[in-house]
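The values are calculated or read from the model by the stated rules, or taken from the named source; none is laboratory data. As the structure is a computational prediction, the values presented were derived from the model and not from experiment. So basically every Cβ, Gly included, is an ideal-geometry build from the backbone, and we count neighbours across all protein chains shown.
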Amino acid sequence: MNRTNSLTALLVSAPLLLVAGCGGLYDLPCVYTGAEAPEDPTPELSEHPGCAGIDPDGRPRIAPSHLVAAQYDDGLASMFIAGDWYYVQPDGTPLRVITYDNGPDYWAEGLVRLGRNGKIAYADRDFEVVIPPRYDWRRCPAGRDGAAHERTEPVGVLGGASQ
């Protein structure tokens, strides 16, 4: 199914979602880059009011009009919603990713990092977790790589106790 068909299906089904109790108000702003248009051939990252709401499960729900308006790179839009960065599929499926370099984490070798319970997991472009959250991650000093490392020893804390 191409992007246009996906968005058409979403727009047609949106009223059904509201009736079924899955919808609600889109009361949160989103920050994203709009799609290129003849009147704006170089859109910039900007805030868009009335863009998203939060479902009871804590996942953002993006208004169909904003799904249509967003710029998609390699089939995904990036949006900043309620303090977190997300990659969003054209059908509105969001994937919360870590913030890196003031934006969503970069894709590397087809994977992106997700923060889960203080650990780092990796997901593919279908939003499937392919490496579960078992790795710690920290920013390294300049000149060092930001690799994830599996913790093999307890971390000491002040007073000699371990966590």
For Pro56: the one exception among (1) modelled with pLDDT of 95 or more; (2) not in a strand (DSSP E or B): (1)
Members of the range 61-81 found to be assigned to a strand (DSSP E or B) and either closer than 21 Å to Tyr106 by Cβ or of a type in the set (Asp, Glu) (or both), listed by number: Ala70, Asp73, Leu76, Ala77, Ser78, Met79, Phe80, Ile81
Subset of the range 23-44 (residues that are more than 16 Å from Ser78 (Cβ to Cβ) and in a loop (DSSP other than H, G, I, E, B)): Gly23, Gly24, Leu25, Tyr26, Asp27, Pro38, Glu39, Pro41, Thr42
Residue count, the range 118-160 (criterion: modelled with pLDDT of 85 or more and assigned to a loop (DSSP other than H, G, I, E, B)): 5
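Counting only residues that are out of contact with any Leu (no Cβ under 8 Å at 6 or more places or on another chain), under 21 Å from Glu128 (Cα atoms) and surrounded by fewer than 19 Cβ atoms within 10 Å (Cβ to Cβ), which one in the range 81-102 is modelled with the lowest pLDDT?
Result: Tyr100.
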Test: residue in the range 103-117 that is surrounded by 14 or more Cβ atoms within 10 Å (Cβ to Cβ), among the hydroxyl-bearing types (Ser, Thr, Tyr) and either in contact with a Phe, Trp or Tyr (Cβ under 8 Å, 6 or more places away or on another chain) or in contact (Cβ under 8 Å) with a residue 40 or more places away in the chain (or both): no
Selection from the range 42-53 of residues that are at pLDDT below 90 and of a type outside the set (Val, Ile, Thr): Pro43
Filtered residues of the range 20-71 (kept if surrounded by fewer than 17 Cβ atoms within 10 Å (Cβ to Cβ) and of a type in the set (Val, Ile, Thr)): Val31, Thr42, Ile54, Val68
